[in-house]
1. Could you look through region 58-67, keep only residues that are crowded, with 17+ Cβ neighbours inside 10 Å and among the small types (Gly, Ala, Ser), and pick out the one that is farthest from Ile130 (Cα to Cα)?
2. How about region 24-48: which of its residues are open to solvent by 10 Å² or more (accessible area, probe 1.4 Å), touching a Leu at 6+ places or on another chain (Cβ under 8 Å) and assigned to a strand (DSSP E or B)?
3. Of the residues Leu108, Leu134, only one is within 23 Å of Ile90 (Cβ to Cβ) and surrounded by fewer than 18 Cβ atoms within 10 Å (Cβ to Cβ); which?
4. So, in region 8-17, exactly how many residues are open to solvent by 10 Å² or more (accessible area, probe 1.4 Å) and either within 11 Å of the chain's Cα centre (by Cα) or at pLDDT below 95 (or both)?
5. Counting only residues that are open to solvent by 40 Å² or more (accessible area, probe 1.4 Å) and free of Cβ contacts under 8 Å to residues at least 24 places away in the same chain, which one in region 208-226 is nearest to the chain's Cα centre (by Cα)?
6. Residues that are within 18 Å of Gly20 (Cβ to Cβ), out of contact with any Cys (no Cβ under 8 Å at 6 or more places or on another chain), charged (D, E, K, R) and at pLDDT below 95: does region 192-205 have at least one?
7. Could you say which residue among Leu237, Leu233 is more than 22 Å from Asp150 (Cα to Cα), modelled with pLDDT of 95 or more and part of a helix (DSSP H, G or I)?
8. Looking at region 172-206, which of the residues that are of a type in the set (Ser, Thr, Tyr) and not in a helix (DSSP H, G or I) is surrounded by the fewest Cβ atoms within 10 Å (Cβ to Cβ)?
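The values are calculated or read from the model by the stated rules, or taken from the named source; none is laboratory data. Being a predicted model, the structure only gives us computed values, none of them experimental. Glycine also receives a Cβ, built like all others from the backbone with ideal geometry; neighbour counts cover every protein chain displayed. Accessible surface areas use protein heavy atoms only, side chains included; no ligands, DNA or RNA. Shrake-Rupley method; radii C 1.70, N 1.55, O 1.52, S 1.80 Å.
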Amino acid sequence: MFQELENKVVVITGAGSGIGKSFAENFGKAKAKVVLNYRSDRHLDELEELKNTIQSAGGQAIAVQGDVSVEEDVKHLVQSAVETFGTIDIMINNAGFEKPIPTHEMSLDEWQKVIDINLTGAFIGSREAINQFLKEDKKGVIINTSSVHDTIPWPNYVNYAASKGGMKLMMETMSMEYAQYGIRINNISPGAIVTEHTKEKFSDPKTREETLEMIPAREIGEAQDVANVALFLASDLASYIHGTTLYVDGGMTNYPAFMGGKG
């Protein structure tokens with residue numbers, strides 16, 4: 001379906017697990033050249049398996065270790081893509097981190113860690129991709145993995161919500177600045193998604209039901225649902241989409257508490 005993605009060079013941060021892994025698998029099926037960024041050595045076995053999966057599907061893959069909150073690591077990531085595959089076509093800023101902490105107990109270091117990974121990491125990745133696109137005079141694509149919490153407040157996650165809210169306006173500003181060069185920059189904002197990180201949480205009947213009450217569609221999404229949107233945004237089908245956030249949330253952002261209310 002996405003034949004134009006064949007041989008495109010796709011850089012994915014946080015590709016070792018979760019939604020990032022699903023992105024990588026699906027671009028591999030589209031026979032793209034996938035650059036898998038990972039932070040921790042604990043993902044090495046999964047990454048080797050992921051590389052084999054991509055190559056078996058007809059794509060190509062390399063893995064590059066790096067912390068997205070470190071400027072030199074992100075520069076090295078993009079440079080590695082260019083040195084290996086000659087260019088970069090699609091940058092997916094997917095790496096993220098969250099941990100619940102009441103705001104009044106949150107240290108500055110705990111605040112800064114989430115901002116550095118989620119927001120600053122996406123800024124550096126976007127900036128480096130834009131520089132490469134401009135250098136090559138290329139109509140490249142940038143996709144950021146955001147969250148419904150760029151819109152919905154989330155108590156005990158003030159750093160996370162701030163990072164995703166900032167990412168939304170960052171993306172819109174960058175898009176306005178670089179759309180004239182044919183560079184498309186958009187966000188995907190997932191809601192409740194089952195991954196290896198959330199599977200245990202959503203398997204608890206009480207937690208699952210509480211979550212479903214927040215979702216008009218009454219179902220929890222899969223990583224594949226988010227990957228489908230990434231493929232679309234990276235493809236020619238989305239050639240006129242600039243500066244947009246696509247919510248993959250089963251309607252979570254549509255005030256589901258009003259479903260049973262009296263108007």
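1. For region 58-67, the residue satisfying everything is Gly59.
2. Hit for region 24-48 is Tyr38, nothing else.
3. Values: Leu108 fails: within 23 Å of Ile90 (Cβ to Cβ).
When all the criteria are applied, what remains is Leu134.
4. Summing the residues that are open to solvent by 10 Å² or more (accessible area, probe 1.4 Å) and either within 11 Å of the chain's Cα centre (by Cα) or at pLDDT below 95 (or both) in region 8-17 gives 2.
5. Applying the first criterion (open to solvent by 40 Å² or more (accessible area, probe 1.4 Å)) to region 208-226 yields 208-210, 213-214, 216-219, 222, 224-225.
Next cut, free of Cβ contacts under 8 Å to residues at least 24 places away in the same chain only: 208-210.
Numbers: Arg208: 24, Glu209: 26, Glu210: 25 Å.
Among them, the one singled out is Arg208.
6. There is at least one residue in region 192-205 that is within 18 Å of Gly20 (Cβ to Cβ), out of contact with any Cys (no Cβ under 8 Å at 6 or more places or on another chain), charged (D, E, K, R) and at pLDDT below 95.
7. Leu237
8. Kept after step one, since they are of a type in the set (Ser, Thr, Tyr), are these residues of region 172-206: 173, 175, 178, 181, 189, 195, 198, 203.
Remaining after also requiring not in a helix (DSSP H, G or I): 189, 195, 198.
Values: Ser189: 25, Thr195: 18, Thr198: 16.
The extreme case among them is Thr198.
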